[in-house]
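The values are calculated or read from the model by the stated rules, or taken from the named source; none is laboratory data. Everything numeric here is computed off the predicted structure, so don't read it as measured data. Accessible surface areas use protein heavy atoms only, side chains included; no ligands, DNA or RNA. Shrake-Rupley method; radii C 1.70, N 1.55, O 1.52, S 1.80 Å.
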Amino acid sequence: MRGQTYVDYAWPPALASFTNATGSPYSVALAAALALFLIMTVAMNGTLWNAQLGGNFYNLFPHNLL
């Protein structure tokens, strides 16, 4: 019953079939989101590895990127 409700009320409707899928579409979506995040990080910082981290997480991933 719950699965059918997800399909009936999915927004946008084109993603309704995605709710019935098993793990592989979710894995692809997660990998794409991670890749986009890392590309944005490189675009903002010029690199993923900043030599001056100093124990500060926001030197690696700035607050505005997050």
Practice item. Write down the accessible area per residue of the chain in Å², having rolled a 1.4 Å probe over the full set of protein chains. Key: 82
Check your understanding: Taking only Cα atoms, what is the 0 to 90° angle, nearest 10, from helix 23-45's long axis to the longest principal axis of the chain?
Key -> 30
Review point. At q = 0.12, 0.28 Å⁻¹, what base-10 log of I(q)/I(0) does the Debye formula yield for the chain when every alpha carbon is treated as an equal point scatterer in vacuo?
Key: -0.52, -1.15
Study note, to complete from the structure: Full extension between LEU65 and PHE37 adds, at 0.36 nm per residue less the Cα distance, a length in nm of 9.2 nm
